[in-house]
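The values are calculated or read from the model by the stated rules, or taken from the named source; none is laboratory data. From a predicted model like this one, the values you see are computed outputs, not experimental measurements. Neighbour counts are summed over all protein chains in view; Cβ atoms, including those assigned to glycine, are modelled from backbone coordinates with ideal geometry.
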Amino acid sequence: MSAHPRTTTPPKTVEIHIRRRANPDSPQYWEQFEIPYRPNLNIISCLMEIQKNPVNKAGERTTPPVWHMNCLEQVCGICTMIINGRARQSCSALVDNLEQPIRLEPMSKFPNVRDLIVDRSQMFDHLKRVDAMVEFDGTYHLVTRPRMIQDDVQERYAYSRCMTCGCCLEACPQYEGDHYIGPQAIAQVRLFNMHPSGAMNRTDRLEGIMQEDGITNCGNAQNCVKACPMNIPLTRAIYEENRETVLHGLLGWLKG
Amino acid sequence: MASNGMKIAIVGGGLAGLAAAMKIAEAGHAVDLFSVVPVKRSHSVCAQGAINGAVNTKGEGDSTWEHFDDTVYGGDFLADQPPAKAMCEMAPSIIYLFDRMGVPFSRTNEGLLDFRRFGGTKHHRTAFAGASTGQQLLYALDEQVRRFEVQGKVRKFEHWEMMSLVLDDHQVCRGLIAMDLQTLELKAFPADAVIMATGGPGLIFGKSTNSMVCTGSAVSACYQQGARYANGEFIQVHPTSIPGEDKLRLMSESARGEGGRVWVPRNKGDVRPPSSIPEKERLYFLEEQYPAYGNLVPRDIATRAIFQVCLEGMGIGGQNQVYLDLTHIPAETLDRKLGAILEIYEMFVGDDPRHVPMRIFPGVHYSMGGLWVDYNQRTNIPGLLAAGECDFSIHGANRLGANSLVSCVYGGFIAAPAAIEYAKNLQRNGADGSRIYDQELKLQQEINDKLIKQSGDENQYVLHQEMGKWMTDNVTVVRYNDRLKETDKKLLELMDRYKRISINDSNLWATMALPHARHLANMLELARVITLGALNRNESRGAHFKPEFPDRDDENFLKTTIAEYSGEGPVFSYLPVDISLIKPRKRDYSKGKTETAKV
């Protein structure tokens with residue numbers, strides 16, 4: 001994360017422009033707000049300040065802008081929005097590192113519920129489509145000691161940190177609405193194909209991503225890996241799974 | 001599969017709720033799962049450190065009994081011992097189960113599970129997935145529950161919030177009322193049993209390490225409908241958090257587990273940068289005061305020591321800050337074992353903790369108290385169970401690090417079969433059924449309508465801030481009876497002013513204002529339970545510390561606090577603690593445990 005140089009004299013106020021929408025059937029519009037500056041403000045603190053006293057820059061009372069937030073530690077993914085043109089988590093977006101006026105917009109690739117809230121349930125549907133889980137036998141106790149190489153664990157750990165925030169989909173030129181499964185789902189396929197038990201269902205997962213709107217939709221723009229706030233090697237996952245699907249297809253053809 | 005049309009509702013989609021959902025669905029029964037956020041975004045993701053289980057793979061002679069003893073001793077003997085023992089015995093199999101589900105636990109050179117040390121123990125007992133273990137464990141359960149969702153056994157209601165229970169004329173729980181957070185539609189959901197798994201109430205303290213959903217609101221609703229709330233006064237303040245404008249971000253105990261050292265300059269007012277302060281001019285106060293455990297004393301002890309040092313003006317630059325220093329550990333090791341938490345610090349503070357000691361201060365973190373449950377996670381209301389942080393069991397007066405994840409899963413795994421067993425033998429309400437749902441629905445709608453209509457001069461967010469400040473200042477690390485009384489007066493004043501709040505959002509679609517107003521009313525009720533419980537307990541035990549009563553008083557207070565709701569405020573009574581397995585002994589972390597056992 002590149003930090004902008006901090007200005008030496010802190011500003012007295014923070015100006016924030018929010019792209020708003022009252023409900024899914026009404027049009028979007030911009031509204032400007034101004035709040036007193038304090039050190040160490042993040043976008044969430046700014047929104048809380050506006051929520052407490054919803055008056056816009058022109059001094060008119062308005063409805064408080066709404067947004068989603070939860071962990072505030074950039075690990076739940078819920079507070080993702082577009083900040084100065086880039087999709088990221090608003091909890092970890094510090095005012096001192098942002099150019100003013102700060103522009104906040106809802107993510108554009110998902111249905112806009114109200115103001116900064118979007119509905120990302122399609123991402124969870126994609127996880128269903130690619131069978132992103134280990135199909136283990138049951139929760140009963142089995143004394144097993146699967147051995148794993150730490151390097152493999154490290155790679156899996158990187159994929160396992162995906163918080164389904166959608167930054168990769170927002171950045172992906174191939175992703176429009178509810179079609180292409182996208183980098184996040186492909187990285188989850190990689191995560192489970194690498195696991196000794198997960199590999200038992202490798203075929204199902206590969207066939208999941210080989211369908212229409214699957215891995216072949218990737219246009220290799222490589223925006224996803226740059227957009228990912230968790231630094232997940234998404235392009236590596238796509239590369240590896242592409243290779244796996246090609247081999248799988250070839251093998252199927254030979255067998256057939 | 002035999003399900004006799006049984007339906008079990010689970011409120012909360014964190015580790016405890018998902019663990020219960022997985023078990024019930026696996027047994028072939030239907031689950032309705034309610035969560036205010038998509039379950040994958042629950043607060044469990046914030047648990048950084050690790051999960052405890054005595055597997056003794058390091059040749060240290062660890063055992064589940066030793067884990068049990070550490071847990072009970074760490075909890076200052078306030079925990080009922082049989083469930084704590086049962087949890088410690090289940091812990092290794094829980095870790096192996098998560099390993100089978102694909103959690104990327106760190107490995108040893110032999111490719112086996114690796115374990116690290118945590119507070120309050122001398123053993124390497126905590127399995128970890130980098131420094132984001134809670135996230136990884138939650139995802140594993142999320143994946144399994146999604147599998148059952150695909151099979152139609154689990155129905156998820158995400159962005160729905162429980163408002164109240166539906167009780168019949170015999171005070172039996174028959175389901176719940178929930179609100180759609182977009183439309184504000186209220187709906188009744190009949191269920192044969194309800195499992196509460198809603199986590200802690202950190203937001204009562206304004207800023208805490210908790211996520212924004214951790215209001216304790218739904219649990220407070222249960223309390224107001226007759227569920228007993230136990231040991232509410234026991235609030236864990238984590239020794240190491242990063243103060244922020246919007247929240248206190250946790251700095252995991254794993255930082256100390258991997259060798260992090262806590263210190264302040266030995267000379268008051270020493271303003272040199274930390275790297276220019278030579279070793280002998282640093283005061284490693286935890287190591288000096290507690291030679292046996294050093295930086296890995298339990299949280300209540302570390303918190304009080306840090307608090308005291310700052311109170312004496314010894315904090316960095318006279319401020320409420322001390323150093324948590326990792327700079328003596330190779331950066332490569334830090335990245336591998338603690339990467340995720342170091343990134344958080346870097347992201348929010350701007351310094352690199354690999355090279356500059358972190359500045360930290362204690363922050364409200366966890367509630368040991370919660371809904372009273374029996375050894376099968378059943379509350380006193382038939383048909384209502386609870387699991388995870390929202391129940392009071394296991395941790396006594398202080399929770400050990402890395403015991404929360406395991407207690408969540410344990411609670412869910414016990415609650416699930418208990419709920420099934422209960423539902424199997426349940427007489428359904430029959431023709432009379434719909435009346436109780438209609439009644440409760442109407443009541444909840446009236447509360448909403450009143451809030452929406454009323455217009456007063458009070459601001460609900462300001463009230464919340466005031467409550468948080470009072471609770472943090474007076475009901476956390478050090479408690480005085482006169483200040484506790486003042487705090488309760490303040491809470492009553494806030495409750496009165498609450499009657500004059502106005503919902504400041506004229507657009508009710510997906511509004512945050514009405515749900516917050518509902519939370520606030522419920523938080524105020526629980527705040528009184530916490531404050532008055534603390535006032536009544538004239539002793540010091542675990543996280544509850546009163547300078548006026550500095551010692552543990554087993555004669556008068558080795559008992560569980562029970563709060564029951566009445567219109568005039570909480571009514572308190574006490575239950576004996578089950579100490580049938582380990583005899584209480586003095587807690588002294590300056591000595592090893594074998595020495596304390598001898599005394």
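Scanning the range B:62-73 for residues that are assigned to a loop (DSSP other than H, G, I, E, B) and in contact (Cβ under 8 Å) with a residue 12 or more places away in the chain turns up just one, B:ASP62. So which of B:GLY226, B:GLY199 is more than 14 Å from chain A (Cβ to nearest Cβ) and in a loop (DSSP other than H, G, I, E, B)? Selected residue: B:GLY226, the only one of B:GLY226, B:GLY199 that is more than 14 Å from chain A (Cβ to nearest Cβ) and in a loop (DSSP other than H, G, I, E, B). The residues in the range A:196-246 that are small (Gly, Ala, Ser), surrounded by fewer than 16 Cβ atoms within 10 Å (Cβ to Cβ) and part of a loop (DSSP other than H, G, I, E, B) can be counted, and the count is 2. In summary, A:ASN42 fulfils each of the numbered conditions (1) touching a His at 6+ places or on another chain (Cβ under 9 Å); (2) within 11 Å of chain B (Cβ to nearest Cβ) with the single exception of condition (1). Scanning the range A:105-131 for residues that are facing chain B (nearest Cβ under 7 Å), surrounded by 17 or more Cβ atoms within 10 Å (Cβ to Cβ) and farther than 28 Å from A:ARG20 by Cα gives a single hit, A:LEU127. Checked against the criterion of being closer than 27 Å to A:PRO173 by Cβ, among the hydrophobic types (A, V, I, L, M, F, W, C) and either in contact (Cβ under 8 Å) with a residue 60 or more places away in the chain or out of contact with any Cys (no Cβ under 6 Å at 6 or more places or on another chain) (or both), the candidates A:ALA58, A:ALA93 yield just one match: A:ALA93.
Looking at B:ASP180, B:ASP142, B:ASP168, just one residue is of a type in the set (Asp, Glu), more than 10 Å from chain A (Cβ to nearest Cβ) and touching a residue at least 40 places away in the same chain (Cβ under 8 Å), and that residue is B:ASP168.
Of B:VAL154, B:VAL150, all but one fail to be buried (at least 21 other Cβ atoms within 10 Å of the Cβ), more than 30 Å from B:ASP69 (Cα to Cα) and aliphatic (A, V, I, L, M); the exception is B:VAL154. Per the listing B:GLY12, B:GLY17, the residue uniquely within 14 Å of chain A (Cβ to nearest Cβ) and crowded, with 24+ Cβ neighbours inside 10 Å is B:GLY12. Note on the range A:183-198: among residues that are farther than 10 Å from A:ASP131 by Cα and under 13 Å from the mean Cα position of the chain (by Cα), the one that is farthest from the other protein chains (Cβ to nearest Cβ) is A:PRO183.
A quick yes/no check of all residues on (1) part of a strand (DSSP E or B); (2) at pLDDT 95 or above; (3) under 14 Å from A:ILE18 (Cβ atoms):
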position: A:ALA58; (1), (2), (3): no, yes, yes
position: A:TRP67; (1), (2), (3): no, yes, yes
position: A:ILE82; (1), (2), (3): yes, yes, yes
position: A:ARG88; (1), (2), (3): yes, yes, no
position: A:CYS91; (1), (2), (3): no, yes, no
position: A:GLN100; (1), (2), (3): no, yes, yes
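For the range B:237-262, the set of residues classified as of a type in the set (D, E, K, R), in contact (Cβ under 8 Å) with a residue 12 or more places away in the chain and either out of contact with any Cys (no Cβ under 8 Å at 6 or more places or on another chain) or outside any loop (DSSP other than H, G, I, E, B) (or both) consists of B:LYS247, B:ARG249, B:GLU253, B:ARG256, B:GLU258, B:ARG261, listed by residue number. For the range A:63-88, a residue qualifies if it is among the β-branched types (Val, Ile, Thr) and either at the interface with another protein chain (Cβ under 9 Å from one of its Cβ atoms) or touching a residue at least 60 places away in the same chain (Cβ under 8 Å) (or both), and the qualifying residues are A:THR63, A:VAL66, A:VAL75, A:ILE78, A:THR80, A:ILE82. Take the conditions (1) on the phi > 0 side of the Ramachandran plot; (2) within 12 Å of chain B (Cβ to nearest Cβ); A:GLY177 misses just one of them, which is (2).
Out of the residues in the range B:315-333 meeting the condition of being touching a residue at least 40 places away in the same chain (Cβ under 8 Å) and within 14 Å of chain A (Cβ to nearest Cβ), tell me which one is nearest to A:VAL75 (Cα to Cα). My answer is B:THR333. Mind listing just one residue for me: the one in the range B:20-48 that is touching an Asp or Glu at 6+ places or on another chain (Cβ under 7 Å) and not aliphatic (A, V, I, L, M) and, of those, farthest from the other protein chains (Cβ to nearest Cβ)? Among those residues, the one meeting the criterion is B:SER35. Take the residues in the range B:91-122 that are away from every other protein chain (no Cβ under 11 Å) and touching a helix residue (DSSP H, G or I) at 6+ places or on another chain (Cβ under 7 Å); name whichever of them is farthest from B:PHE68 (Cα to Cα). Checked the range B:91-122; the qualifying residue farthest from B:PHE68 (Cα to Cα) is B:ARG116.
Residues in the range B:402-461 that are polar (S, T, N, Q) and at pLDDT below 95: B:ASN425, B:GLN427, B:ASN429, B:SER434, B:GLN454, B:SER455. Can you spot a residue in the range A:132-150 that is more than 7 Å from chain B (Cβ to nearest Cβ), assigned to a helix (DSSP H, G or I), within 20 Å of A:PHE192 (Cα to Cα) and of a type outside the set (A, V, I, L, M)? No. Close contacts from the range A:181-193, counting a first residue that is modelled with pLDDT of 95 or more and a second that is polar (S, T, N, Q), with Cβ to Cβ under 7 Å and a gap of 6+ residues or different chains, come to A:GLN184/A:THR164; A:LEU191/A:SER160.
Residue check: B:GLU343 meets all listed conditions (1) assigned to a helix (DSSP H, G or I); (2) free of Cβ contacts under 8 Å to residues at least 12 places away in the same chain; (3) in contact with a helix residue (DSSP H, G or I) (Cβ under 7 Å, 6 or more places away or on another chain) but one, namely (3).
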